[in-house]
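Before any comments, here is the structure.
The values are calculated or read from the model by the stated rules, or taken from the named source; none is laboratory data. Because the structure is predicted, anything quoted here is derived from the model rather than measured. As a convention, Cβ positions derive from the backbone with ideal geometry for all residues, glycine included, and neighbour counts pool all protein chains shown. Heads up: the accessible areas ignore ligands, DNA and RNA and are worked out on the full protein's heavy atoms, side chains in. Shrake-Rupley method; radii C 1.70, N 1.55, O 1.52, S 1.80 Å.
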Amino acid sequence: MAGTSKGEVLLQLKNVTKSFGGLTAVDSINLEIRKGEIFSIIGPNGAGKTTVFNLITGIYQPTSGEIIFNGSSIKNLSPDRVLRRGIARTFQNIRLFNNMTIMENAMVGQHPFIPSDLFSVTFRLPNYRAAEKKAHNRALELLAFFGSELVMRKEEYAVNLAYAVRRRLEIVRALGSRPKLLLLDEPTAGMNDAETADAIKYIQRLRQEFDLTILLIEHKLQVTMGISDRIAVLDYGKKIAEGIPADIQHNDLVIEAYLGRKVEGA
Amino acid sequence: MSASPSHFQQKMQNPLKSLGIRKKIGDFLNNTKFLNRSLSWYVTGWRVGVFWGLIALFLPQLLNFSTNFLDQTYFAPNILLLDAILCGIYVMLALGLNIVVGYAGLLDLGYVAFFVIGSYTVAFATSGIIRNIHSQVVNIPALTFWEAIPLAALIAGFMGVLLGAPTLRLRGDYLAIVTLGFGEIVPIVIKDVPFFYGALGFQVPPAPVVNTPFGQVDFGNPLDFSAFYYLTLAVIILIVMFNILLRNSSIGRAWIAIREDELAASASGVNLVRIKLMAFGLGAAIGGIGGVFNGVMTSSISYDQFSFQVSISVLIMIVLGGIGSIPGVIVGAILLRFIDVYVISTISNMLQTNTALANPSNPFHFLVSFNLNTTKFLIFGLVLLLMIILRPQGIIPNKRRQLELKGVGLAPEELSVIGEIEREEEGSSAPPESVEGLGDI
Ligand SMILES: Nc1ncnc2c1ncn2[C@@H]1O[C@H](COP(=O)(O)OP(=O)(O)OP(=O)(O)O)[C@@H](O)[C@H]1O
Ligand SMILES: [Mg+2]
């Protein structure tokens, strides 16, 4: 594993804080994600994991702190501009365009690469037509990454897809923007064991085939421990630990955060 | 006595079925042969578009021909043609609003504003008269009618963007209220700002005479509206083509994406500001073009022609026809105009001239003074209510919308013939551009 090797830093969070009224959902977090690694964020429910994703992707603006991607600040950028910088994501509670076809979902993912000015579109200028064609072919390639099912059903509406397949399509949409960094929010949530095992495989394949850095939120320890290069643990908005999986597994604070709470609750 | 109540009940339960109108029409179409095929063949699939397209294309000739067997006092061709043109103007409005509401999913209740702007733009631009802030008449260089069309589209489009900009963060009800306010403000500004001659009304010069290689064509001839009719039809066809091009493009996809899930669209790279303003601007520009045609057609415009009722009518048209569906909103516009212009006034006339009702001892005597035109929105409301209960996806549904409604378990599974037609139509570029012919049936 590339766990301890000091690669180039791709994404850096410096003292990032996010408060909602009185609640500090993310509390002075520092993170460094290196190029090419699979980095996992774990932590109990409500720890602030999804909020970190929302801060990185511009859906929320940090209350304080700095977010640096690829050497420049992406703080206060709108989600579409963050995407154009090279960060794509999926959502914990899958947000596909249900009443668009599979193909259309994959095409929307490539929106930044297709001209959408009135002139090019109305007159179907050569650059527009070329971009549409290219996007269509690329969509087919991306769908084919997950085997033949999505390709064969490309004209079907996304709403018809089974749960695990919807997660895949959301990844296809995210890949459309040719991201450098892919954020996956609980990509195996709600999946059975076979589907989870499959997801573990394709997450690793994603990194290889698309030359990606992957930031992962995951509850299932068999997933995070198996594929992560490094793991950060959040609890009540604070980072309580960070390290390679073997270290995290034996960290007292982590065990307490996960198990201690259970004892309290019982 | 014993048999009649049940018969009556039966009739009440399904008047259409017991009268067998549908069946009769169906039988007629199936059994009548023309060139070895039954008539029903000619009016199914893509051919239905061609059928109505041909009727629209030859409407002036058909109306002239009808004078051979129809009473001219009721069926004066030129007056019917005028109705068809006014109907065509509403078709333009419906197609424009469909971009904002149908594609982008932004509820706009103030669409009349752009209609006003278009009408006044053509009035000022072609008359060459404006007033300064001291109410003095100032002559400005007059533009031709042809130049006024793109100018009105530009100004209305710009105003659409101006309205859109502050409302970008608003959704649903809030957006509806702000746009509603905008639709109210524009006519009031026109009424109260002297510059606009609002309270007096403004004379709009008629459409011009054009010299062509085939002779003079008078678009403004009040005795023969056919030239202007064809102009209206041509503009509608252009707007339809424009809508189709937009719908099947990166812009159309982005509109549908923001309608489906704004956050996910934004996270997929859709610039929300840009794509929403585009919808507002383009919808408004088409409304402005509708306004130009309205201006020259009604020849005298004043603020009170532009009420909230126009916005609501256009919205009802697209809901009735099928939100997001191009043939749907065209049919919706024509149908509502037909109900408005013919059905309501006919019923109203019948009530007022009915001799039995004229008798003061008749318990229904009060109906004589019942002016249906003042209560027509009640009727529209009922039509809409019925539609939402029976067929929420509209007369000619948009595929996607149908799915959305099915998703929440509202829409009946059954697809009517018209629904089938639409599915076949989707790919073809020949929707029924205009069905003005309905006016004579
Ligand atoms: N928009 C918001 N407004 C107010 N509070 C919020 C908002 N978003 C998140 N929170 C709060 O911030 C805290 C962290 O939420 P977050 O969704 O980041 O947790 P999470 O770690 O992703 O949990 P889970 O494992 O359940 O997904 C929670 O207490 C949540 O209620
Ligand atoms: Mg979460």
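Pop out the ³J(HN,Hα) list for region A:7-21 in order, Karplus 6.51 cos²θ - 1.76 cosθ + 1.60 with θ = phi - 60°, rounded to Hz; leave Gly and Pro as x.
Residue by residue, region A:7-21 yields x, 5, 7, 9, 10, 9, 9, 10, 6, 7, 10, 9, 10, 10, x Hz.
Rounded, prolate or oblate, given the Cα gyration tensor of region B:76-306, with a/c below 1.5 counting as rounded?
Oblate shape, in that a/c is at least 1.5 and b/c is the bigger or equal ratio.
For a Förster distance of 45 Å, can you work out the FRET efficiency between the beta-carbons of B:F158 and B:V343, rounded to the nearest 0.05?
Approximately 0.75, to the nearest 0.05.
If you build a Gaussian network model of chain A, linking Cα atoms that sit under 10 Å apart, which residue out of A:Y128, A:Y236, A:Y60 swings the most?
A:Y128
Binning at 20 Å from 0, report for the protein assembly as shown what percent of all alpha-carbon pair distances ends up in each bin.
15, 40, 29, 14, 2, 0
Can you list residues from other chains, or at least 5 along the same chain, whose modelled amide H is less than 5 Å from the amide H of A:S28?
HN-HN under 5 Å from A:S28: A:T17, A:K18.
Order B:107-114, A:200-207, A:20-27 from most to least packed using the mean count of other Cβ atoms within 10 Å. Working shown, then result.
Details: B:107-114: 26.8, A:200-207: 16.6, A:20-27: 14.5.
In descending order of packing, they fall as B:107-114, A:200-207, A:20-27.
When the Cα centres of region A:131-166 and region A:17-31 are compared, how far apart do they sit, in Å?
Comparing the Cα centres of region A:131-166 and region A:17-31, I get a distance of 37 Å.
For region A:1-79, give the magnitude of the charge dipole about the Cα centre (Cβ charges: +1 Lys/Arg, -1 Asp/Glu; no others), in debye to the nearest 20.
For this selection, approximately 40 debye.
I need two numbers for region B:223-355: Rg to one decimal and Dmax as a whole number, Cα atoms only, in Å.
Gyration radius and largest Cα-Cα distance of region B:223-355: 18.7, 68 Å.
Taking +1 at the Cβ of each Lys and Arg and -1 at the Cβ of each Asp and Glu, which of A:I87, A:Q110, A:I255 sits farthest along the dipole of chain A towards its positive end, judged by Cα position relative to the Cα centre?
A:Q110
Between the helical axis of A:126-144 and the dominant principal axis of chain A, each derived from Cα atoms, what acute angle in degrees is found, rounded to the nearest 10?
The answer is roughly 50 degrees.
At 7 Å along the Cα-to-beta-carbon direction for both A:S148 and B:Q203, put a label point, then send me their distance in nm to one decimal.
7.6 nm
Could you give the size of the charge dipole of region B:76-306 about its Cα centre, using +1 on the Cβ of each K and R and -1 on the Cβ of each D and E, expressed in debye and rounded to the nearest 20?
Numbers: 9 positive and 12 negative charges, 103 e Å.
In total the dipole reaches around 500 debye.
So how do A:158-170, B:319-331, B:337-349 stack up, highest first, on mean other-Cβ count within 10 Å?
Values: A:158-170: 18.8, B:319-331: 27.8, B:337-349: 15.7.
In descending order of packing, they fall as B:319-331, A:158-170, B:337-349.
Along Cα→Cβ, 7 Å out, is where each label goes; now give me the distance between the ones at B:N362 and B:F308 in nm to one decimal.
The two pseudo-label positions are separated by 3.5 nm.
Using 1/(1 + (r/R0)^6) with R0 = 25 angstrom and r between the beta carbons of A:H136 and A:V159, what's the FRET efficiency to the nearest 0.05?
0.70
Across region B:335-340, in residue order, what do the Karplus-derived ³J(HN,Hα) couplings come to in whole Hz, using 6.51 cos²θ - 1.76 cosθ + 1.60 with θ = phi - 60° and x for Gly and Pro?
For region B:335-340, the Karplus curve yields 5, 5, 4, 4, 4, 4 Hz.
Would you work out the charge dipole size for the protein assembly as shown about its Cα centre, treating the Cβ of every Lys and Arg as +1 and the Cβ of every Asp and Glu as -1, and quote it to the nearest 20 debye?
Here the protein assembly as shown has a charge dipole of around 800 debye.
Using the Karplus curve 6.51 cos²θ - 1.76 cosθ + 1.60 with θ = phi - 60°, what ³J(HN,Hα) values do you get for each residue of region B:295-304, in whole Hz, with x for Gly and Pro?
Values per residue, Gly and Pro as x: x, 6, 6, 7, 6, 10, 10, 8, 4, 6 Hz.
Output the antiparallel fraction of DSSP beta bridges having both residues in the protein assembly as shown, as a percent to the nearest 5.
So the antiparallel bridges in the protein assembly as shown amount to around 65 percent.
For the protein assembly as shown, with the dipole built from +1 on Lys and Arg beta-carbon atoms and -1 on Asp and Glu ones, taken about the Cα centre, which of B:A207, B:T353, A:F53 lies farthest toward the positive end?
Checked the options; the winner is A:F53.
For peptide A:120-133, how many partner chain Cβ atoms fall within 10 Å of a residue's Cβ, on average?
Numbers: counts 3, 8, 6, 1, 3, 0, 0, 0, 2, 0, 0, 1, 3, 0.
If you average over the peptide's residues, the count of other-chain Cβ atoms is 2.
Using the heavy atoms of the protein chains alone and a 1.4 angstrom probe, what is the accessible area of region A:116-252 per residue in square angstrom?
44 Å²
Strictly over 24 Å apart at the Cα level, which of A:K133/A:K201; A:K35/A:K134; A:K75/A:K239; A:K49/A:K220; A:K180/B:K276 would you flag in this model?
The pairs that break the limit, which is 24 Å between Cα atoms, are A:K133/A:K201; A:K35/A:K134; A:K180/B:K276.
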